1. Out of all the residues in segment 39-57, is one or more modelled with pLDDT under 85, in contact with a helix residue (DSSP H, G or I) (Cβ under 8 Å, 6 or more places away or on another chain) and part of a helix (DSSP H, G or I)?
2. Name the strands (runs of 3 or more DSSP E) wholly inside segment 66-114 in which the number of residues that are modelled with pLDDT of 85 or more is 3 or more.
3. May I ask you to list the residues in segment 93-114 that are at negative phi and exposed (fewer than 10 other Cβ atoms within 10 Å of the Cβ)?
4. Of the residues in segment 79-92, how many are without any contact (Cβ under 8 Å) to a residue 40 or more places away in the chain and either more than 16 Å from the chain's Cα centre (by Cα) or surrounded by fewer than 17 Cβ atoms within 10 Å (Cβ to Cβ) (or both)?
5. Which residue is modelled with the highest pLDDT, if the candidates are limited to segment 8-27 and must be under 18 Å from residue 82 (Cβ atoms) and not in a loop (DSSP other than H, G, I, E, B)?
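The values are calculated or read from the model by the stated rules, or taken from the named source; none is laboratory data. Since the model is a prediction, treat every value here as computed from it, not as a measurement. All Cβ positions, glycine included, derive from the backbone under ideal geometry; neighbour counts span all protein chains shown.
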């Protein structure tokens, strides 16, 4: 049985791959369904802003659980780059680029998307 993704803030069911990867629905992360996952937004009523630590833990959790991961944006189209898991690792929907799960974890660690050793190593 497949587990249904839910928003970590409000608990609503998530269907959009970007929302699933980030763990927050578009309303709760302050963006649209096209994603503003990496932005920091202030909330006028509370003065709080979302910390990059939340994004890092969300990406690490998605990689650990084999869920889609949204990392960065395409330079030309400005659309989010979503890595979707398959039997051989991950691929991007936009151009079909494939990368192994281990290489994606190394990439995320190298560029600060996740903390080093926050995802268990796979063989």
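1. yes
2. Working: elements: 69-73, 80-86, 89-92.
So the answer is 80-86, 89-92.
3. Of the residues in segment 93-114, the ones at negative phi are 93-95, 97-111, 113-114.
Once the filter is applied, which keeps residues that are at negative phi and exposed (fewer than 10 other Cβ atoms within 10 Å of the Cβ), segment 93-114 yields only 95.
4. Qualifying residue count, segment 79-92: 6.
5. Checking each candidate, the answer is 26.
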